Amino acid sequence: MRINAAGSALAEEDLAAVVGANLSGLRLPKTEAADGVRRVAEALEGSGSGAVVQCLIESALGLELVFEIARSHARVAGVGLGEADLAADLGARGDAGLFYARSRLVAASRAAGLPGPVQSVYTSVRDLDGLRRTTEEGRDMGFFGRSAIHPAQVPVINEVFTPTEDEISGAEDLLARLEESAGRGTGAFVLEDGRFVDEAVVASARATLNLARRAPEATGGEAL
């Protein structure tokens, strides 16, 4: 559930209304300070709720402090960008003005021990080609999943973030070869295309298979 900005009088009223309800999580818009996030998280703890907190970064100040926000409390499960408001605050025009913000968000999330952040919405509902292109760009930057504003967007988003059959079989083959290599007393080898298989490559293969196992559970709203 989305409430008003942490620290505002309206947010306090929102919390009083929903604390104690059967919530899975709260989304905090316009997050700019770790203290405000902690107050919300502590209110949830006091109620015995198991809800997590998602923080939206929508200003230059929030972006500057995103790492502190991301690790402000154990209930913070993720951070995301409110790109329209952020672009207005930055005076940015087009995607080029948001590349740094997106990259910083990914780095801050991972540095804080959180999963890859959910990508911001794509507002051109009928432009599914544009949705696919920008979602692929986000995936390649380290985002995982994307907020959707129309049900028609969900299949495209899920498809982009779901490993292909070739990616799955490649990961399975690599791990099988790693096991075979370990049986011979060595933990590394070189693929036919010249790539050296090290721990990072193996971790990526395992992540691909884990994601493939999760894919059928994906649902709409915030896709995969």
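The values are calculated or read from the model by the stated rules, or taken from the named source; none is laboratory data. None of these values were measured; they are calculated from a predicted model. A quick note on method: Cβ atoms are made from the backbone with ideal geometry, for glycine too, and the neighbour counts reach across all protein chains shown.
Give the residue that is farthest from GLN119 (Cα to Cα), with candidates limited to residues of the range 129-157 that are in contact with a helix residue (DSSP H, G or I) (Cβ under 7 Å, 6 or more places away or on another chain) and of a type in the set (S, T, N, Q). Checked the range 129-157; the qualifying residue farthest from GLN119 (Cα to Cα) is GLN153. Examine the range 82-97 for a residue that is in the same structural domain as ARG139 (by TED's automatic domain parsing) and within 16 Å of the chain's Cα centre (by Cα), and state whether such a residue exists. Yes, the range 82-97 has at least one match.
Entry remark, the range 78-106: residues being under 30 Å from SER24 (Cβ atoms), surrounded by 14 or more Cβ atoms within 10 Å (Cβ to Cβ) and not β-branched (Val, Ile, Thr) number 14 in total.
Return yes or no: is GLY25 under 21 Å from VAL121 (Cα atoms) and touching an Asp or Glu at 6+ places or on another chain (Cβ under 7 Å)? Criteria not met by GLY25.
Going through (1) surrounded by fewer than 21 Cβ atoms within 10 Å (Cβ to Cβ); (2) within 22 Å of ARG75 (Cα to Cα); (3) hydroxyl-bearing (Ser, Thr, Tyr) one by one, THR134 falls short only on (2).
Taking the options LEU63, LEU98, name whichever one is closer than 24 Å to ALA148 by Cβ, without any contact (Cβ under 8 Å) to a residue 24 or more places away in the chain and of a type in the set (A, V, I, L, M, F, W, C).
Working: LEU63 fails: without any contact (Cβ under 8 Å) to a residue 24 or more places away in the chain.
Just one listed residue meets the conditions, LEU98.
Taking the criterion of being touching a Ser or Thr at 6+ places or on another chain (Cβ under 9 Å) and surrounded by fewer than 17 Cβ atoms within 10 Å (Cβ to Cβ), the only residue of the range 148-157 that qualifies is ILE149. Applying a threshold of 8 Å to beta carbon distances and a minimum spacing of six or more residues, or different chains, the list of pairs starting in the range 4-32 at a residue that is over 20 Å from ALA74 (Cβ atoms) and ending at one that is of a type in the set (Phe, Trp, Tyr) and modelled with pLDDT under 90 is empty.
Just to be sure before I move on: is VAL121 on the phi < 0 side of the Ramachandran plot, of a type in the set (A, V, I, L, M, F, W, C), surrounded by 13 or more Cβ atoms within 10 Å (Cβ to Cβ) and not in a helix (DSSP H, G or I) in the structure I sent?
Numbers: on the phi < 0 side of the Ramachandran plot: yes; of a type in the set (A, V, I, L, M, F, W, C): yes; surrounded by 13 or more Cβ atoms within 10 Å (Cβ to Cβ): yes; not in a helix (DSSP H, G or I): yes.
Against the criterion (on the phi < 0 side of the Ramachandran plot, of a type in the set (A, V, I, L, M, F, W, C), surrounded by 13 or more Cβ atoms within 10 Å (Cβ to Cβ) and not in a helix (DSSP H, G or I)), VAL121 qualifies.
Here GLY20 clears all of (1) in contact with a helix residue (DSSP H, G or I) (Cβ under 6 Å, 6 or more places away or on another chain); (2) modelled with pLDDT under 90; (3) within 23 Å of SER147 (Cα to Cα); (4) surrounded by fewer than 16 Cβ atoms within 10 Å (Cβ to Cβ) except the condition numbered (3). If you take the residues of the range 27-68 that are polar (S, T, N, Q), modelled with pLDDT of 90 or more and closer than 17 Å to ARG2 by Cα, which of them is surrounded by the most Cβ atoms within 10 Å (Cβ to Cβ)? Ranking the candidates gives THR31 first.
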